[in-house]
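Visitor: What follows is a structure written as structure tokens; I'll ask about it next.
The values are calculated or read from the model by the stated rules, or taken from the named source; none is laboratory data. Not measured: the values here are computed from a predicted model. Don't worry about glycine lacking a Cβ; one is built from the backbone with ideal geometry, like all the others, and counts go over all protein chains shown.
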């Protein structure tokens, strides 16, 4: 009974505000890993009270520090969230963030990584999945970090967690710990890159997710 009460208490504030749970949708496109809005799409934060119609300073800051908390949803699904006032002053482009204390100058964007790097299965043992990238991606993967809780996604569900990159090989490996409940899927995979979190940016790129290549 106590646990049931605590769980109900956790969700009560959000429900009381009438915000409703965010309903994420796939963005219209991505540039350097940054989600770009399409028609009738807006940005929301998991626990935010506003929605954003443009890449404003609030959205840019959220992407810089906690990108997994930035979601794309349909305008029709924002509930009682209110429009962001900062969206009236959008930045030059998605993926650029204004310098603190000097909003007239934008920080230079780094050279864009490939949105997707193809991977192939080269091994599976004791719940560990090994995925190899071609040698042409070795230098880029040497510059790519794996941050905590980076997922292997299958059908939008987490089927495992990316543990590390072994980039010293001619064919760099992605090493993934599979979820014990997951069903292994043989076939081509792909890795999505993005900018790293600012608080742990030891390398210029980071893994956003790994997933099987969608079947046509």
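Visitor: Kindly provide the set of residues from the range 25-49 that are buried (at least 18 other Cβ atoms within 10 Å of the Cβ) and over 23 Å from residue 116 (Cβ atoms), ordered by number.
Guide: The answer is 42, 44, 45, 48.
Visitor: Sticking with this one: Restricting the search to the range 29-61, which residues are at pLDDT 85 or above and either in contact with a helix residue (DSSP H, G or I) (Cβ under 6 Å, 6 or more places away or on another chain) or on the phi > 0 side of the Ramachandran plot (or both)?
Guide: Selection gives 40, 42, 43, 45, 52, 53, 54, 56, 57, 58.
Visitor: Still on this structure, please answer the following. May I ask you to list the residues in the range 157-170 that are touching a strand residue (DSSP E or B) at 6+ places or on another chain (Cβ under 7 Å) and crowded, with 16+ Cβ neighbours inside 10 Å?
Guide: Once the filter is applied, which keeps residues that are touching a strand residue (DSSP E or B) at 6+ places or on another chain (Cβ under 7 Å) and crowded, with 16+ Cβ neighbours inside 10 Å, the range 157-170 yields 159, 160, 161, 162, 165.
Visitor: Also: For the range 202-210, check the following and say yes or no: at least one residue is touching a residue at least 12 places away in the same chain (Cβ under 8 Å) and more than 20 Å from the chain's Cα centre (by Cα).
Guide: No, the range 202-210 has no match at all.
Visitor: Here is a further query. From 206, 99, grab the single residue that is at pLDDT below 90 and assigned by TED's automatic domain parsing to the domain that holds residue 64.
Guide: Only one candidate passes the filter, namely 99.
Visitor: Next question. In the range 35-70, which residues are in a strand (DSSP E or B) and either touching a residue at least 60 places away in the same chain (Cβ under 8 Å) or closer than 24 Å to residue 149 by Cβ (or both)?
Guide: Selection gives 35, 43, 44, 45, 70.
Conditions tested, residue by residue: (1) closer than 26 Å to residue 215 by Cα; (2) exposed (fewer than 11 other Cβ atoms within 10 Å of the Cβ); (3) assigned by TED's automatic domain parsing to the domain that holds residue 180; (4) at pLDDT 90 or above.
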position: 91; (1), (2), (3), (4): no, no, no, no
position: 94; (1), (2), (3), (4): no, no, no, no
position: 132; (1), (2), (3), (4): yes, no, yes, yes
position: 136; (1), (2), (3), (4): yes, yes, yes, yes
position: 152; (1), (2), (3), (4): yes, no, yes, yes
position: 155; (1), (2), (3), (4): yes, yes, yes, no
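Visitor: Look through the range 167-203, keep the residues that are assigned to a strand (DSSP E or B) and farther than 18 Å from residue 135 by Cα, and return whichever of them is modelled with the lowest pLDDT.
Guide: For the range 167-203, the residue satisfying everything is 194.
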